[in-house]
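This report concerns only the one structure given below.
The values are calculated or read from the model by the stated rules, or taken from the named source; none is laboratory data. All figures in this text were calculated on a predicted structure; none of them were measured in a lab. Every residue, glycine among them, receives a Cβ derived from its backbone with ideal geometry; neighbour counts consider all protein chains shown. All accessible areas refer to the heavy atoms of the entire protein, side chains included, with ligands and DNA or RNA removed. Shrake-Rupley method; radii C 1.70, N 1.55, O 1.52, S 1.80 Å.
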There are 2 protein chains.
Amino acid sequence: MKASDLEKVYNRVAPYIHKTPVLSSSLINEIADCEIYLKCENFQKGGSYKIRGATNAILQLSEEQRSRGVVTHSSGNFAQAVSLSAKNLAVSAHIVMPTNAPKAKKAGTIAYEGIITECEPTIEARERESKKIQDRIGAAFLHPSNQLEVIHGQGTASYELMHQESDFDYIVTPVGGGGLIAGTCLFVKELSPKTKVIGAEPMEADDAYRSLISGKIETNETANTIADGLRTNLGHHNFPIIQKHVDQIIRVTEEEIIDAMKLVWERMKIIIEPSSAVSVAAVLKSPSIFKGKKVGVIISGGNVDIMDLPF
Amino acid sequence: MKASDLEKVYNRVAPYIHKTPVLSSSLINEIADCEIYLKCENFQKGGSYKIRGATNAILQLSEEQRSRGVVTHSSGNFAQAVSLSAKNLAVSAHIVMPTNAPKAKKAGTIAYEGIITECEPTIEARERESKKIQDRIGAAFLHPSNQLEVIHGQGTASYELMHQESDFDYIVTPVGGGGLIAGTCLFVKELSPKTKVIGAEPMEADDAYRSLISGKIETNETANTIADGLRTNLGHHNFPIIQKHVDQIIRVTEEEIIDAMKLVWERMKIIIEPSSAVSVAAVLKSPSIFKGKKVGVIISGGNVDIMDLPF
């Protein structure tokens, strides 16, 4: 994408989102031995960056398409994002959600007037239920991560970050379905070619790490990670972008995720979800890469069930 | 105090503190039916507003006094604040701390190199131990709430708030030892005479509420409140200021405190401690006062033991 196209995407979604703050902590910088800037999408509307992609996609539907509503499947954050952005744009939103989605994310979806259909927690079941709703009412399908309009929208978090702070050596994002990191690459590589984009992934769902090695989309047989937003696989739209632009994927253990989450909660007094802590953990565990560098970290969201914490 | 004196206090402490952000939430405003602006001292150095008062007091000691160190007693936030501001100014800090102080606050005090002496959780024991240290090494005593230099320093949170947003109908602060609300009054009444200052207090430690009625300093026989920062009594320096300027004290139940804390965590993704939730709870429960008004709320701190949450 050209810089003028990126700006067009940003200007399209900007009226519907928060420009989230960038925070840092001298204590965490001391521990990590580098300069970390957290782009706080946990403060975003709907509690995660995902409203950016949802809004960009819905705004590109025709009037007629909008009148029939939209449908998506999501373990949580995209569900809330689609519900909220659809509500903002007076479109009805159908959400297929696995039965094991966190309570807070279900409650958020309902609060934003999303119409929930529950399904088994497998990719196949999610896709099957979504297809049924598309066929029945003609709703436009929005993919949480493997659709270009969505990918472009997610990249606007980095667009803002690079205007709030400059000269990053690295930008780190978590990798789940691949939408955030693919969108991030497109914006970063155009606006700051010297900045490297690094992905962070749980060991327990390291499909992207393996995909970059094998050169084809690998899947997770199990995904027993607390980072509930990162259990999904890459898609054919985002994988080529990731292959081309992502410099490295760092994997972290469940213990490292929980420790990083606790550190940010205790020291920065902000609530980040496990999927976001994955990126912080990746930076903390890799001084050989990040020492002395300027590092932007996309804090993807803050939707945690505070009645069910891992510490 | 005159406006020029207030500015002098602010300029004295400003180089040593964070200018904390002011946050609001459309969802919480909807629930409360008023416009709430949270002054986020949970993001302050040391995790609470108390570094403001500690810094102002230490900066007014002579070189010779500073060389002998400072001593204070505190259940937690002032302990961290004195330790940190003393460390910043190369002064040694002795901290008398009750045995039941939250672990996170003890750990913070140690991290900032405060030298802890433990004592029984009574005001008498705290004062006795502090006196011993003064006598033994000649350390200057800093009172957490009943000392004019400390009171003036605490007021600088409102000074900032009133420069970040204007035209408040109300400013609400929690009331513990009385230092924050007294300092707040001095600044608010000079800078914005139309703005009313309201205190918020747990039912379980409502000494300030009763003191304003009786006209003399009342004490708490018990203080079984989760708001660990608000268990202390008013002092003879701050009580006359509170009597003169505070318009009302609103009392809240333990359940209201926990609900308000949970609401702010879940909806705003920021970590506030129970003592801060007391003010939010007071606004939420009093639509007859706050409906349609512009309300500043001093979020006093974010030092919570996240391993031991009330929900």
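Taking all C-alpha pairs of chain B, those more than 32 Å from each other amount to 19 percent.
Roughly how much of B:Ile115 is accessible, in Å² to the nearest 10, using a 1.4 Å probe? Taking all protein chains as shown, B:Ile115 has close to 80 Å². Using a probe of 1.4 Å, the accessible surface attributed to B:His163 totals some 120 Å² when neighbouring protein chains are kept in position. Going from the chain on its own to the full set of protein chains, region B:21-54 has these residues losing 40 Å² or more of accessible surface (heavy atoms, 1.4 Å probe, no ligands, DNA or RNA): B:Phe43. In nanometers and ordered shortest first, the copy-to-copy spacing of the A:Lys262 label point, defined 7 Å from Cα toward Cβ, is 2.4. Between 0 and 90 degrees, rounded to the nearest ten: what's the tilt of helix B:77-88 against the longest Cα principal axis of chain B? Relative to chain B, helix B:77-88 is tipped by roughly 60 degrees. All C-alpha pair distances within region B:133-245, sorted into 10 Å bins from zero, spread as 14, 42, 31, 11, 1 percent across the bins. In vacuum, with every alpha carbon of region B:262-311 counted as one equal point scatterer, what does the Debye formula give for log10 I(q)/I(0) at q = 0.18, 0.23, 0.26 Å⁻¹? Two decimals, please. For the requested q values the scattering log ratios are -0.61, -0.91, -1.08. For region A:50-146, the relative contact order works out to 33 percent when only alpha carbon pairs closer than 8 Å and six or more residues apart are counted. Taken residue by residue and averaged, Cβ atoms of other chains lying within 10 Å of the Cβ of A:266-278 number 4.
With label points set 7 Å from Cα along Cα→Cβ, the inter-copy distances at A:Lys8 are 6.1 nm, sorted shortest first.
To put it simply, the accessible area of the protein assembly as shown at a 1.4 Å probe is 47 percent carbon and sulfur. Whole Å is fine, so just give me how far the alpha carbon centre of region A:8-38 lies from that of region B:33-83. Centre-to-centre (Cα) distance: 28 Å.
Helical content of the protein assembly as shown, expressed as a calculated mean residue ellipticity at 222 nm, amounts to -13500 deg cm²/dmol (DSSP H runs of 4 or more residues, -39,500 (n - 2.57) each, divided by residue number, nearest 500).
For B:Ser24, the accessible area of its heavy atoms, probed at 1.4 Å with every protein chain present, is near 70 square angstrom.
A label point on A:Ser288, set 7 Å along the Cα-to-Cβ line, lies at 6.8 nm from each of its counterparts in the other copies, closest listed first. Ordering of A:234-246, A:79-91 by packing is A:79-91, A:234-246, highest average first (other Cβ atoms within 10 Å, averaged per residue). Dipole magnitude for the protein assembly as shown: computed about the Cα centre from +1 point charges on Lys and Arg Cβ and -1 point charges on Asp and Glu Cβ, it is near 1180 debye. Quick one: helix A:3-13 against the long Cα principal axis of chain A, what's the angle to the nearest 10°, folded into 0 to 90? Computed tilt is about 60 degrees.
Specify the angular offset, from 0 to 90 degrees and rounded to the nearest 10, of the alpha carbon long axis of helix B:274-284 from the longest principal axis of the alpha carbons in chain B. Rounded to the nearest ten degrees, it is 20. Summarised as an ellipsoid, region B:41-84 has semi-axes of 20, 11, 7 Å, derived from the eigenvalues of the Cα gyration tensor scaled by 5 and square-rooted, with the largest first. Magnitude of the charge dipole for chain A, about its Cα centre and with charges confined to Cβ atoms of Lys, Arg (+1) and Asp, Glu (-1), is about 740 debye.
Between the listed residues A:Ile31, A:Phe311, A:Gly46, the Cα displaced farthest toward the positive end of the dipole of chain A, a dipole computed from Cβ unit charges relative to the Cα centre, is found at A:Gly46.
Excluding the site residues themselves, the longest part of chain A lacking any GluC sites (Glu not before Pro) in a DSSP loop with at most 13 other Cβ atoms within 10 Å is A:1-112. Taking all pairs of different Cα atoms in the protein assembly as shown, averaging 1/r and flipping that mean, what Kirkwood radius in angstroms comes out? Radius from the Kirkwood sum: 25.5 Å. In plain terms, the bigger the Kirkwood radius, the slower the diffusion; for region B:50-146, with that radius from Cα pairs, at 4 °C and 1.567 mPa s, Stokes-Einstein puts D at 101 µm²/s.
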